[in-house]
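These notes are about the structure you will find just below.
Derivation of every value follows stated rules applied to the coordinates shown; laboratory data play no part. The model shown is predicted, which means the values in this text are computed figures rather than measured ones. For neighbour counting, all protein chains shown are included, and Cβ atoms are generated from backbone atoms with ideal geometry for every residue, glycine included.
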Amino acid sequence: MTSDHQKIAIVTGANAGLGFETTLGLAKEGYKVIMACRNAEKANQAMAGIRRKAKSADLEYMNLDLIDRDNIKAFAAAFSDKYDHLDLLVNNAGVMAPPYTVTKNDLELQFDANHMGHFYLTSLLFDKLDQDHETRIVNVASLAGKREGADIFFDNLNFVDTYDAGPEFMGLKGMTAYSQSKLANILFNQELNDRLAAAGKNIKAIVVHPGASNTSLGRNMSWKLRLIAPIITPLMGITKPAKGAESSLYAALRTDVKSGDFIGPTGKKEYNGKPGHSEFPPKALDKALSKKLWTFSEKHLGVKFKI
Ligand SMILES: NC(=O)c1ccc[n+]([C@@H]2O[C@H](COP(=O)([O-])OP(=O)(O)OC[C@H]3O[C@@H](n4cnc5c(N)ncnc54)[C@H](OP(=O)(O)O)[C@@H]3O)[C@@H](O)[C@H]2O)c1
C-alpha cells in the first residue's frame with residue numbers, strides 16, 4: 001500500500017444513528033466514506049450534518065436498499081465501476097420490530113434487511129475487498145442476538161402466526177424475529193471468518209454489538225415512549241449514538257483487533273462502557289448452524305459467495 005493510498009469505506013445506513021456517527025468517525029480518520037442509504041434526502045441532510053462537524057470530510061452518497069436485490073446489485077456495480085478497491089465495509093443498517101412484513105423476496109423484513117441484504121452486498125463487493133493490503137468487514141449485530149432463546153428458526157423463518165408472540169421490549173413486538181436477524185449477523189461473521197482463514201485472505205471479519213443507544217431504531221415504539229425516551233433512557237444506561245458507534249469504530253480502526261473477534265461495550269449489562277471483547281452466545285459457536293445459514297442464504301439468493 002503506497003502512502004497516497006485513498007482509504008475507502010462503505011457504511012450502510014449512514015444517514016442516522018450509529019451509521020451517522022461511524023461515518024463521522026471514519027471521515028475524521030481520513031477515510032473517504034460512501035454513505036449507502038435508501039433515501040437521498042436523508043443522506044444529503046446527514047452529509048451536511050457530518051460536514052458541519054468535520055469540514056474536510058470526504059463523503060459520497062450512493063443509493064442502497066437492502067431489501068431490493070436489483071438495487072443491491074446496481075449499487076455494487078456502480079461502486080465497482082468507480083473504485084478499484086474497498087478498505088472497509090461496515091454492514092450497519094438495520095430495522096427493529098416493524099409491523100409484521102414479508103418482503104418481495106418472501107422473507108420476514110428484519111431477516112431480509114439485516115442479514116440477507118448484507119450477505120448479498122458483501123458477496124458482490126468481495127473482489128474489491130480482496131487486496132494485497134489488509135481490509136476489513138464489520139458486521140453490526142446486537143445484544144438481541146446474544147439473548148437466551150435467540151435462534152435461526154428454519155422451520156418457520158418468516159414467523160408465520162408467531163411474530164407477535166414472545167418477549168416484548170419496551171412494548172415492541174417482533175423481537176424474536178429481530179433476535180433471529182441479529183444472531184444471523186453473528187453467525188455470518190463466524191462462517192465468513194472461517195472461510196477467509198481457510199483461503200488465507202488478508203481480510204478481517206469482525207462482529208460488533210453497540211450496547212444500547214438512543215437512536216431511531218426504536219421508531220416503532222409507541223409515541224408516548226418515544227416522547228419520554230430522552231429522559232428515561234439515560235437512567236437505564238442507554239447511551240447517545242456517538243457512544244454506541246464506538247464498537248464499530250474500534251473494530252474498524254484498532255490494529256490489535258483480530259478477524260473473528262466480537263467487540264462490544266464492557267460496562268454494566270454491556271449497555272455502555274469502553275469497547276472490548278464480548279462473549280459469543282452458545283448458538284454462535286454452533287458451526288453446523290453457521291454453515292446451514294450460509295448455504296441457505298446462497299440458495300435463497302441464487303448465488304455462490306466465492307472466497
Ligand atoms: N441503537 C442501539 O441501541 C442498537 C443496539 C443493538 C444493535 N443496533 C444495530 O445498530 C445498527 C444501526 O442501528 P441504529 O441504532 O443506528 O438505528 P437507526 O438510527 O434507525 O438507523 C438505521 C439505519 O438503517 C437504515 N435502513 C433500514 N432499513 C434499510 C434498508 N432496507 N436499506 C438500507 N438502509 C436501511 C435506516 O435508513 P432510514 O433512515 O432510511 O430508515 C438508517 O439509516 C442496526 O443494525 C441495529 O440493529 C443498534
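In Å, the Kirkwood hydrodynamic radius of the chain over pairs of distinct alpha carbons?
In the chain this quantity evaluates to 19.3 Å.
In whole Å, how far is the Cα centre of segment 201-243 from that of segment 245-307?
18
Using the Cα centre of segment 8-300 as origin and beta-carbon charges of +1 (Lys, Arg) and -1 (Asp, Glu), tell me which of Asn15, Ala199, Phe119 is placed farthest towards the positive end of the dipole.
Checking the options against the dipole of segment 8-300, the answer is Asn15.
Most exposed first by the Cβ proxy, i.e. fewest other Cβ within 10 Å, how do Asp155, Asp286, Asp84 rank?
Ascending Cβ contact count within 10 Å gives the list Asp155, Asp84, Asp286.
Would you mind putting 217-224, 25-32 in packing order, based on average other-beta-carbon counts within 10 Å, highest first?
25-32, 217-224
Take Met96, Met116, Met170 and order them by how many other Cβ atoms sit within 10 Å, fewest up front.
With the sparsest Cβ surroundings first, the list reads Met170, Met96, Met116.
For each pair in Lys28/Lys243; Lys28/Lys306; Lys32/Lys128, compute the distance between the two Cα atoms and list the pairs where it is over 23 Å.
Checking Cα-Cα distances, Lys28/Lys306 exceed 23 Å.
Karplus couplings for segment 137-147 from phi (6.51 cos²θ - 1.76 cosθ + 1.60, θ = phi - 60°), rounded to Hz, Gly and Pro as x?
So the Karplus estimates, Gly and Pro as x, are 10, 10, 9, 8, 9, 6, 4, 4, x, 9, 6 Hz.
What is the gain in length, in nm to one decimal, between Asn63 and Ile307 on full extension, counting 0.36 nm per residue of separation less the C-alpha to C-alpha distance?
Full-extension gain reported as 85.3 nm.
Rank the residues Arg254, Arg136, Arg147 as a footprinting-exposure proxy: fewest other Cβ atoms within 10 Å of their Cβ go first.
Final ranking by Cβ density, sparse to dense: Arg254, Arg147, Arg136.
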